[in-house]
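Trainee: First the structure, then my questions, so here it is.
The values are calculated or read from the model by the stated rules, or taken from the named source; none is laboratory data. Since this is a predicted model, take the numbers as computed values, not measurements. No Cβ is skipped: glycine too gets one built from the backbone with ideal geometry, and neighbour counts run over all protein chains shown. What goes into the accessible areas is simple: the full protein's heavy atoms, side chains included, and nothing from ligands, DNA or RNA. Shrake-Rupley method; radii C 1.70, N 1.55, O 1.52, S 1.80 Å.
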Amino acid sequence: MITQSVDSTVIHHYVLTQVSESIPGGNMYGAPVDLSFKHISSLEDAWTEEPSSSLRPLKKNSKMKYLSCSLRLNNNNVADLHNLQRTVNHFLAEPSQLAWLDLSFNKLSHIDQALCELHELRVLYLHGNNIFILSEVDKLEVLPYLHTITLHGNIIDTNKAYRNRVISALPQLKTMDFSAVTLQERVMAKIWHLGNKRCRGSKGTLQ
C-alpha cells in the first residue's frame, strides 16, 4: 500500500515545468486540467465535471477548451480507459499535445492500448493501480517522448525483474517511480534483456 505524497503539488509543478520546456511552444500551457478526487468510475463521468481550481488559473480558448497539456484523473475509481481519447478531446484545446497524464490511484488492471495513441506523452503516472502483467509495459515503447513513468504500487512491482524489464522496454526513460534512471541501471537492464532473450532462445532450441 502506498499513500499520496504531501509534496505531490510540488512534484507536479517541477515535472510540468520540464514537460512544458520540452514541447515546442510549451510555455503557452498553464495549469493541469485537474479531475482528481471526483469519484469518477468511468471516463464518461468526467465529461460533466468541472476541473478543480488551483493557484495557477486555467485558461480557455474561444471554444471553451482548456489551454493545457496535462490532465489529472488520479484518485478516482476508473477501471478501464474506454473513451480516453474522447475525454482528452472534450477538455483540451489541443488534445494531440497531451504530454502529462496522471492516472494514479485508480482501479486499472491493464496498460490500455489507448495510451499508445497519445504520441506526445512525456509523463505517465500509473502508480497505485492493479496492473498485474509486467509484459504489458512493452506496449508503451511506441511513445517516442515518454521520459517519466510511475508503476509502483501495482502487483507488477513485486516481480524481481520489475525495474530491469521496464527500463529495458523503455530505454529513453529518465525517471521511473520518482527516482532517476542511472547509467548503471541502463547497463544492467540491457544485460538482463540479452540474458532473458538468450534464455528464451535456448528453451526454443531444446523444444
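Trainee: Out of the residues in the range 95-108 that are of a type outside the set (Gly, Ala, Ser) and in contact with a Leu (Cβ under 8 Å, 6 or more places away or on another chain), state the one that is surrounded by the fewest Cβ atoms within 10 Å (Cβ to Cβ).
Mentor: To start, the set of residues in the range 95-108 that are of a type outside the set (Gly, Ala, Ser) comprises 95, 97-98, 100-103, 105-108.
Filter once more, so that each one left must be in contact with a Leu (Cβ under 8 Å, 6 or more places away or on another chain): 98, 100-103, 106, 108.
Details: Leu98: 24, Trp100: 25, Leu101: 23, Asp102: 25, Leu103: 24, Asn106: 22, Leu108: 20.
The qualifying residue surrounded by the fewest Cβ atoms within 10 Å (Cβ to Cβ) is Leu108.
Trainee: Name the single residue that is farthest from Ala114 (Cα to Cα) among those in the range 151-179 being open to solvent by 30 Å² or more (accessible area, probe 1.4 Å) and part of a strand (DSSP E or B).
Mentor: Checking each candidate, the answer is Ser179.
Trainee: Here's something else I'd like to know. What's the total number of residues in the range 82-125 that are acidic (Asp, Glu) and touching a Pro at 6+ places or on another chain (Cβ under 6 Å)?
Mentor: 0
Trainee: With (1) open to solvent by less than 50 Å² (accessible area, probe 1.4 Å); (2) over 20 Å from Lys38 (Cβ atoms); (3) of a type in the set (A, V, I, L, M, F, W, C) as the list, and Phe132 as the residue in question, which single condition is left unmet?
Mentor: For Phe132, the exception is condition (1).
Trainee: State which residue is farthest from the chain's Cα centre (by Cα) when the search covers only the range 59-85 and only residues that are of a type in the set (Lys, Arg) and open to solvent by 80 Å² or more (accessible area, probe 1.4 Å).
Mentor: Of all residues in the range 59-85, those of a type in the set (Lys, Arg) come to 59-60, 63, 65, 72.
Among the residues that remain, those that are also open to solvent by 80 Å² or more (accessible area, probe 1.4 Å) are: 59-60, 63.
Working: Lys59: 23, Lys60: 24, Lys63: 27 Å.
Of everything passing the filter in the range 59-85, Lys63 is farthest from the chain's Cα centre (by Cα).
For (1) outside any loop (DSSP other than H, G, I, E, B); (2) open to solvent by 10 Å² or more (accessible area, probe 1.4 Å); (3) at pLDDT below 95, each residue gets a yes or a no:
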position	(1), (2), (3)
Val88	yes, no, no
His110	no, yes, no
Ala114	yes, yes, no
Glu136	yes, yes, no
Lys139	yes, yes, no
Ile149	yes, no, no
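Trainee: May I ask you to list the residues in the range 35-58 that are open to solvent by 40 Å² or more (accessible area, probe 1.4 Å), touching a helix residue (DSSP H, G or I) at 6+ places or on another chain (Cβ under 9 Å) and either of a type in the set (A, V, I, L, M, F, W, C) or more than 17 Å from Asn106 (Cα to Cα) (or both)?
Mentor: Result: Trp47, Ser54, Leu55, Arg56.
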